[in-house]
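What follows is one structure encoded as structure tokens, with my remarks underneath.
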Amino acid sequence: KAISTIDELTATMTAGTDNVVYGYYRLTQNVGSSGSWINVENKGDWKNADGNVGFRGTLDGNDFAVDGQFATHGLFGIIGNGAVVKNITFNVYYYQNSRQTLARSITGATIEGVTINIKSIHKTLDATAEGGVITGLMSHTTHYKNVTINAEGKDLDTLFGKSYGNYKAEKANTFENCVVNAKSLAGLVHSNEIISAAGIDGLTIPQ
């Protein structure tokens, strides 16, 4: 399905009663604005241990951008097994605690060729609070390739938010040519404590 407006995009990402979205979706132009409110809820279990719920299709940004204020559920709500999000830029406005760009959680997906530009931050970020640049609660067994986060001059909290103890190191994500450009990044995820993002293969934080 070709997508040309922010309303089409959020409607397409909204799951039905089975809490799953399949299909191949492709942007045909830039969508959204600094004032677009993006908050697509999925009522499935956010821990999504088997990856069976959430967005499980492909979103091909076709090298276009999505602009908006990404709220508690992000664009997808939950991302599940086999999902692909690729070739897309997210311009994020009014980023703050409890917010994230993509989803509350991601399990078993591929995120490739994605740029997240943090355009503005509202209030002081807290790495021990829910919310993170990519997910708000956690990410498991997902491959991040050619992902760039740009927040130059800004202090960021975490990439994957606060898991309330549900983040499992044995289900760790993998990274390939991923970069965080920021004044600082507090950590990878908060799981009873802040887990450092330093020293992870394929993830460069040049501050």
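The values are calculated or read from the model by the stated rules, or taken from the named source; none is laboratory data. What you are looking at is a predicted structure, and each value in this text was computed from that prediction instead of being measured. Every residue, glycine among them, receives a Cβ derived from its backbone with ideal geometry; neighbour counts consider all protein chains shown. With ligands, DNA and RNA removed, areas are computed over all heavy atoms of the protein, side chains included. Shrake-Rupley method; radii C 1.70, N 1.55, O 1.52, S 1.80 Å.
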Under the Karplus relation with 6.51, -1.76 and 1.60 and θ = phi - 60°, whole-Hz ³J(HN,Hα) for the stretch 75-90, x at Gly and Pro, equal 6, 10, x, 9, 10, x, 3, x, 5, 10, 10, 8, 6, 8, 10, 10
Each residue of the stretch 127-137 in order: what ³J(HN,Hα) in whole Hz does its phi give by Karplus 6.51 cos²θ - 1.76 cosθ + 1.60, θ = phi - 60°, with x for Gly and Pro? 5, 8, 9, 5, x, x, 4, 9, 10, x, 10
State whether the stretch 126-207 is rounded, prolate or oblate according to the following rule on the C-alpha gyration tensor (a ≥ b ≥ c being the square roots of its eigenvalues): a/c under 1.5 gives rounded; otherwise a/b larger than b/c gives prolate, and the remaining case gives oblate. oblate
Amide H partners (placed H, <5 Å) of Tyr164, local residues excluded: Asn192
Checking the a/c ratio against 1.5 first, then a/b against b/c, what shape does the Cα gyration tensor give for the stretch 79-151? oblate
Checking the stretch 157-198 for GluC sites (Glu not before Pro) in a loop per DSSP with at most 16 other beta-carbon atoms within 10 Å yields Glu193
Can you give the Rg to Rh ratio of the chain, both from alpha-carbon atoms, with Rh computed by the Kirkwood formula? 0.93
Could you compute the longest span of the chain free of trypsin sites (Lys or Arg not before Pro) located in DSSP loops and having at most 14 other Cβ atoms within 10 Å, not counting the site residues? 44-122
Between Thr12, Thr110, Thr158, find the one with the highest GNM mean-square fluctuation for the chain; connect C-alpha pairs within less than 10 Å. Thr12
Per the Kirkwood formula over distinct C-alpha pairs, the hydrodynamic radius of the stretch 1-109 in angstrom is 13.5 Å
What distance in nm separates the simple spin-label points at Ser4 and Ala129, each placed 7 Å from Cα in the Cβ direction? 4.0 nm
Taking only protein heavy atoms into account and a 1.4 Å probe, give the accessible area per residue of the stretch 27-131 in Å². 35 Å²
Roughly to the nearest percent, how much of the accessible area of the chain is carbon and sulfur, given a 1.4 Å probe? 44 percent
Amide H of Thr115 versus every other amide H placed in the peptide plane: which residues, excluding those fewer than 5 positions away on the same chain, fall under 5 Å? Ile88, Thr89, Phe90, Thr148
Test of the criteria: in the stretch 1-66, which chymotrypsin sites (Phe, Trp or Tyr not before Pro) are in a DSSP loop and have at most 16 other Cβ atoms within 10 angstrom of their Cβ? Tyr22
Once all protein chains are kept in place, Asp7 shows an accessible area at probe 1.4 Å, nearest 10 Å², of 110 Å²
Under the 7 Å Cα-to-Cβ spin-label approximation, Asn146 and Ala11 lie apart by a distance in nanometres of 3.2 nm
